[in-house]
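> Next up is a structure, given as structure tokens.
The values are calculated or read from the model by the stated rules, or taken from the named source; none is laboratory data. Values in this document were obtained by computation on a predicted structure and should not be read as measured data. Using ideal geometry, Cβ is built from the backbone for each residue, glycine included, and neighbour counts are taken over all protein chains shown.
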Amino acid sequence: MPAFRPARTGTPADLLAVGLGNPGPEFEATLHNVGADVVALLAARHGSSLKMSRERARTAEVRVGDDGHDLRLALAFPQTYMNDSGMAVAPLVRRFGIASLDRLVVVHDELDLPVGAVRVKMGGGLAGHNGLRSIKAHLHSQDFARVRIGIGKPPGGKERGAEHVLRVPAKRVRAELQVSIEVAADAVECILRAGVAAAQNLFNAQSD
């Protein structure tokens, strides 16, 4: 498998955060779209919004202040549908000059975490997540950072995982997830300012 060597085509960003989900109003507020909700929140926090780009993604670029020095945060929500996320992520990595995959963070839903949990991870397994699998296939590497948002497993085993992730949760669960979306956005900003290890120490401890 070839090594990761992006061809830089734009002004480098300090971090590229990609929120996974499915495009279209029918998927809004579903469990599978919590990653997309995080990048939309980050754009709004910094006075911007996601707009369609040629990389088959909705993107924004914002400046995040850090002790008098602005850091450049690129945000993206692939419009390829979840299972083909890598088709958008690979050209986005090139566009934003991400020379090292520790400067790419993918925000996504996680069945193996309880609802509301937020964890930061660097590399490792894909836990059967098709969006992550597609990104690995297109980048030829899985050594990127992840912010994982727990959505829990299907209740009672009566519902298959695919059905579970595509449903709109009950109001109580959605309220819990809204808090998690805010926390996940904080985690992305921590990675931007201080790196993945610092974010793991802070946010993984909070989630325990």
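> Under 9 Å between Cβ atoms, which residue pairs at least 6 apart in sequence (or on different chains) link something in segment 84-104 that is within 19 Å of Val62 (Cβ to Cβ) with a partner that is of a type in the set (Val, Ile, Thr) and modelled with pLDDT under 95?
As it stands, the answer is Arg95/Thr9; Phe96/Thr9; Phe96/Thr11; Gly97/Thr9; Gly97/Thr11, since those pairs meet every condition given.
> Scan segment 35-64 and report the pairs whose first residue is at positive phi and free of Cβ contacts under 8 Å to residues at least 60 places away in the same chain and whose second residue is not in a loop (DSSP other than H, G, I, E, B) and not polar (S, T, N, Q), with Cβ atoms within less than 7 Å and a gap of 6+ or a chain change.
That search, which allows pairs on different chains as well, returns Arg56/Pro78; Arg56/Met87; Arg56/Ala88.
> Give the residues of segment 144-175 that are more than 30 Å from Arg103 (Cβ to Cβ), modelled with pLDDT of 85 or more and outside any loop (DSSP other than H, G, I, E, B), sorted by residue number.
Lys171, Arg172, Val173, Arg174, Ala175
> Only residues in segment 175-199 that are of a type in the set (Phe, Trp, Tyr) count as the first member; pair them with residues that are assigned to a helix (DSSP H, G or I), Cβ under 9 angstrom, at least 6 apart or cross-chain, and list the lot.
none
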